Amino acid sequence: MDLSLLLEYVFAGVAYGGIYAVVAIGFNIIYNATDVINFAQGEFVMLGGMTAVSLHSALPLPLAILGAVALTMLVGAAIEICLIRRLESPSVLRMIIITIGVSILIREAALHLWGDGVRALPHFTGSEIDSISLFNARFSPQVLWVLGTCGLVVGGLTIFFRLTPAGRKMRACAANRTAARLCGIDTRNLVTLSFAISAGIGALAGCVLSPITQTQYDMGTGLAIKGFTVAVLGGLGSSMGAVFAGMALGLCESFSICVLPAAFKDVISIVLMLGVLFVKPSGLLGARSGPG
């Protein structure tokens with residue numbers, strides 16, 4: 001394998017790995033606040049991308065993306081207020097089943113609203129045929145936007161959780177919700193905030209991913225599986241773990257094409273997740289007890 005082909009595989013793996021990492025971070029935010037895996041996270045990614053495409057018909061691209069993120073955050077908050085908050089002392093299994101049901105409802109609503117056609121946002125920089133050359137390897141400038149988004153999400157969340165009052169309260173809620181409630185912290189609103197932030201991060205990932213892979217109503221399920229795999233690999237609750245695991249999974253999928261048919265690419269994530277669950281259930285970097 002020559003250097004240019006090797007680099008092209010690396011660029012492709014890094015691009016997808018960055019998206020997987022952002023989706024996994026959305027999983028981690030809700031897990032830290034509620035100990036629940038939100039399997040509707042992939043639908044937030046789809047919803048963000050589809051909404052941005054619709055808004056872009058009337059608005060400039062930056063405003064369409066901001067609008068899509070804001071609307072998806074409202075959907076995430078509404079799901080928590082209408083479906084999760086009303087439950088009194090629900091079991092984790094019951095809440096997981098609810099998020100799966102929400103995922104199905106969002107997917108079917110998207111099918112009726114947008115149809116089964118494939119849509120896409122334009123590339124943020126240049127056009128589809130524009131590319132950057134490095135050692136004779138060519139890659140889309142959208143890859144840089146994916147990496148920048150991943151870095152922005154991790155850096156922004158780090159600042160939010162460590163320096164803002166709401167972020168510190170969410171860390172306290174993640175560490176011990178009962179103790180936080182006894183200290184006067186309104187844990188219910190913090191859970192709502194965690195759903196809104198998670199939905200917004202997913203929507204942003206959907207917007208950045210749309211020019212590369214395009215957007216369709218049923219894309220959320222696959223991304224949810226990949227995001228959950230990355231969250232498990234990196235250690236549930238760890239943002240940095242999600243980044244490292246996302247890049248590792250993206251690169252493994254990219255290079256697997258050299259030895260396996262492309263149809264088997266999605267099997268890689270399942271095999272890695274099962275392997276880690278058997279060998280080290282806490283994740284490669286160890287689970288975290290709070291956001292970060």
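Just so it is clear, none of the values below were taken in a lab; they were calculated from the coordinates. Note that this is a predicted model, so its numbers are computed, not measured. Note: ideal-geometry Cβ built from the backbone for every residue, glycine included; neighbour counts use all protein chains shown.
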So what is the calculated 222 nm ellipticity per residue for the chain, using -39500 (n - 2.57) for each DSSP H run with n of 4 or more, over all residues, to the nearest 500 deg cm²/dmol?
-24000 deg cm²/dmol
Please name which of Ile84, Gly241, Thr215 has its Cα lying farthest along the dipole of the chain towards the positive end, using unit charges on Cβ (Lys, Arg +1; Asp, Glu -1) and the Cα centre as origin.
Ile84
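Are there any GluC sites (Glu not before Pro) in segment 1-91 that are in a DSSP loop and have at most 11 other Cβ atoms within 10 Å? List them by number.
Answer in residue order: Glu88.
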How big is the shadow of the Cα convex hull of segment 39-123, averaged over all directions, in nm²?
6.0 nm²
For segment 1-90, shape from the Cα gyration tensor axes a ≥ b ≥ c, cut at a/c of 1.5 then a/b versus b/c, turns out oblate
With x for Gly and Pro, the residue-by-residue ³J(HN,Hα) of segment 234-241, computed from phi through the Karplus equation 6.51 cos²θ - 1.76 cosθ + 1.60 at θ = phi - 60° and given in whole Hz, is x, x, 4, x, 9, 5, 5, x
Calculate how steeply helix 3-34 sits against the longest principal axis of the alpha-carbon atoms of the chain, using the helix alpha-carbon long axis, and give the answer as 0 to 90 degrees to the nearest 10.
10 degrees
Between helix 142-163 and the chain, what is the angle of the helix's C-alpha long axis to the longest principal axis, kept within 0 to 90° and rounded to the nearest 10?
20 degrees
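Just check segment 119-265 against the gyration tensor rule for me: Cα atoms, a ≥ b ≥ c as the square roots of the eigenvalues, rounded for a/c under 1.5, and otherwise prolate or oblate depending on whether a/b exceeds b/c.
prolate
Any idea what the relative contact order of the chain is, in percent, if you count C-alpha pairs under 8 Å spaced at least 6 apart?
Reported as a whole number, the value is 38 percent.
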Taking the convex hull of Cα positions in segment 68-118, its mean projected area over all directions (nm²)
4.2 nm²
Excluding same-chain residues fewer than 8 positions from Lys265, which lysines have a Cα within less than 19 Å of its Cα?
Lys226
Any chance you could check the Cα centroid distance between segment 133-194 and segment 25-69 for me, in angstrom?
14 Å
To the nearest 10 degrees, the tilt of helix 41-56 (Cα long axis) against the first principal axis of the alpha carbons of the chain is 60 degrees
Zero-based 5 Å bins, Cα pair distances in segment 20-69, whole percents:
5, 22, 22, 16, 15, 12, 6, 2
Take the Cα radius of gyration of the chain and divide it by 2.2 N^0.38 Å, with N its residue count; two decimals is plenty.
0.98
